[in-house]
Amino acid sequence: MKAFDCKMCGECCYGVGGIFMEEDEQKRIAKYLKLKFKDFLAGYTEVRNGRIYANVGRDNFCIFFKDKKGCTIHPVKPARCELWPFFPANVADPETWDAAKLACRGINRDCSFEDFVKESPNGGTPKK
């Protein structure tokens, strides 16, 4: 039984916040968008707590998510996005995983926590 099958709904792209990007990711996305790095930073990101985060649009979705199109940077999306729903907290804690199941329609609600953890790439740790 597959633990996760992305439905491309964008629910994980909604809300201010958690998509920080490492410098190599920022440069990769800027290149993909054919933007100068400084223009990418100025138009698509914000600095919080010393980290660079993706902006959100007026609709509170990630600036890279477009209705009826999905993620416009999917081939070069940040590691945080690629890792969803196998975040360390979801893989480590059954209660957090239960909350994620309610928030994400791509998570198989019939899958056991143990099977979810087994399916987790890299044990819930982002790839470098």
Q | Residue match in the stretch 7-20 (condition: touching a residue at least 40 places away in the same chain (Cβ under 8 Å) and among the basic types (Lys, Arg)) | A | yes
Q. Is it the case that residue 43 is out of contact with any helix residue (DSSP H, G or I) (no Cβ under 8 Å at 6 or more places or on another chain) and not in a loop (DSSP other than H, G, I, E, B)?
A. yes
Q. Among all residue pairs at least 6 apart or on different chains, which show Cβ distances below 7 Å where the first residue, located in the stretch 81-106, is touching a residue at least 40 places away in the same chain (Cβ under 8 Å) and surrounded by 17 or more Cβ atoms within 10 Å (Cβ to Cβ) and the second is among the acidic types (Asp, Glu) and outside any helix (DSSP H, G or I)?
A. 106/5
Q.
Can you list the helices (runs of 4 or more DSSP H) lying wholly within the stretch 47-128 that have 2 or more residues being farther than 16 Å from residue 7 by Cβ and over 12 Å from the mean Cα position of the chain (by Cα)?
A. 88-92, 94-103, 113-119
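No lab work stands behind these numbers, since they all come straight from the coordinates. All of these numbers come straight from a predicted model, not from anything done at the bench. With ideal geometry, Cβ positions are generated from the backbone for all residues, glycine too; neighbour counts draw on all protein chains shown.
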